[in-house]
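The values are calculated or read from the model by the stated rules, or taken from the named source; none is laboratory data. Bear in mind that the values here come from a model prediction, so they are computed numbers and not experimental data. Counting neighbours? That spans all protein chains shown, and the Cβs are built from the backbone with ideal geometry, glycine included. Note: areas computed on protein heavy atoms with side chains; ligands, DNA, RNA excluded. Shrake-Rupley method; radii C 1.70, N 1.55, O 1.52, S 1.80 Å.
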Amino acid sequence: MFRELSILDRSRTREGHPPARALRDTVELARAADRLGYHRFWVSEHHSVPGVAGSAPTVLAAAVAGATGRIRVGTGGVMLPNHQPLVVAEQFGVLESLFPGRIDMGLGRSVGFTGGIRRALGRDTADADWFEEQLAELLGWIDGTQRAHPEVHARPAEGLRIPAYVLATGEGAGIAARAGLPLVVGDLRARGRITEIIEGYRAAFRPSAWGAEPYVVVSGTVAVAATEEEARRILVPEAWSLAYSRTRGSFPPLRPAEEIEALAMTAKERELYEGALAGHVHGSEEQVAAELERVAEATRADELLVTTSTYDRTALLDSFGRLARLAGIAPGPGAGAGEAGGVDGAVTVDGAVWAGEAAGAAGALN
């Protein structure tokens with residue numbers, strides 16, 4: 001199995017619930033993950049996506065860190081081409097100063113996915129080509145080695161130890177290797193492809209002040225339930241949302257599984273929907289444990305970053321609880337809730353009880 005088990009949440013909106021609810025639900029999910037023993041909880045950056053409320057990851061990370069007490073908190077990720085590296089350094093410097101030793105800086109190279117969004121951000125697709133240079137500048141602001149602006153300092157970030165991670169596939173993995181940084185790569189449906197990417201990353205890795213050896217995080221959807229069919233139903237809302245976006249050009253809020261299963265889909269919609277359901281790790285605890293062992297053996301990854309998203313909040317929490325137990329990280333019966341403050345509400349880690357306004361989702365990497 002993997003050395004560490006973590007969660008990435010995109011604050012997926014749900015039909016009938018406002019975006020504000022999704023953001024509050026992200027904080028609640030983080031509190032549950034903290035109690036369940038997960039290693040990290042990351043949030044993401046998406047702009048002008050109807051089904052995603054997470055547009056300001058460092059702001060949301062602050063709320064998550066303030067509501068939890070142990071778990072590491074970070075971004076999966078900040079899309080560096082959308083920002084000035086100095087500002088990103090300052091933001092993470094503030095986070096690390098407020099929550100020392102708990103902040104991760106996950107960085108991606110995507111830009112807005114439509115021309116209108118890119119224009120609104122003042123960016124273009126070509127800006128992603130400068131990611132490696134932006135990354136070097138950002139790291140320089142933090143470790144004090146940048147020389148392009150000798151009279152400028154990223155306060156309070158300069159001199160702090162803020163772990164950096166690169167979310168990438170293809171050439172992005174080479175950037176992570178050359179920078180000596182950990183690599184986050186997904187998704188689990190393309191096992192052969194991600195294994196090749198990981199092998200290339202390890203072969204090209206250059207030790208740096210940021211990392212002495214390669215570190216690999218694989219990401220993907222994992223759904224665990226009492227039966228394989230129940231686990232599959234957890235996947236249904238996100239699968240339909242993806243199929244919908246491919247046929248209509250808009251990524252919608254999640255709908256209940258029973259509504260989707262009753263839809264009369266066109267042949268094309270059915271094909272896309274079934275394709276979106278295929279290949280994810282799902283099933284009973286025994287089935288998922290066996291499949292994750294195969295993934296771990298094939299990739300030799302150090303960590304699994306789970307990106308599951310669904311409409312049914314109870315089923316989602318139950319899935320994360322079952323996954324934590326099969327991985328051996330969940331606290332035993334009677335474990336205390338810890339000293340985390342923040343959003344009101346109570347969670348029991350034994351799977352079914354979820355008190356408070358907890359709803360939201362996890363999603364795929366940018």
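Label-to-label distance, residue 203 versus residue 229, with points set 7 angstrom from Cα along the beta-carbon direction: 4.6 nm. Probing with 1.4 Å while keeping every protein chain in the model, the per residue accessible area of the chain equals 41 Å². Take the Cβ-Cβ distance between residue 119 and residue 152 as r, set R0 to 25 Å, and report the resulting FRET efficiency rounded to the nearest 0.05. It comes out at approximately 0.30.
Based on DSSP H segments of at least four residues, each scored -39500 (n - 2.57), the chain has a per-residue ellipticity at 222 nm of -13000 deg cm²/dmol. The modelled label-to-label distance between residue 189 and residue 94, using points 7 Å beyond Cα along the C-beta direction, is 3.7 nm.
FRET efficiency for the residue 178 to residue 48 pair, using the beta carbon distance and R₀ = 35 Å, is estimated at 0.60.
Between residue 56 and residue 294, the modelled label-to-label distance comes to 4.4 nm, taking each label 7 Å out from Cα in the direction of the beta carbon.
A protection proxy built from the mean count of other Cβ atoms within 10 Å ranks the segments 202-213, 3-14, most packed first, as 3-14, 202-213. Charging the Cβ of each Asp and Glu at -1 and of each Lys and Arg at +1, and nothing else, the dipole of the chain about its Cα centre rounds to 380 debye. Peptides 182-189, 321-328, 153-160, ordered by how many other C-beta atoms sit within 10 Å of their residues on average, highest first, read 182-189, 321-328, 153-160.
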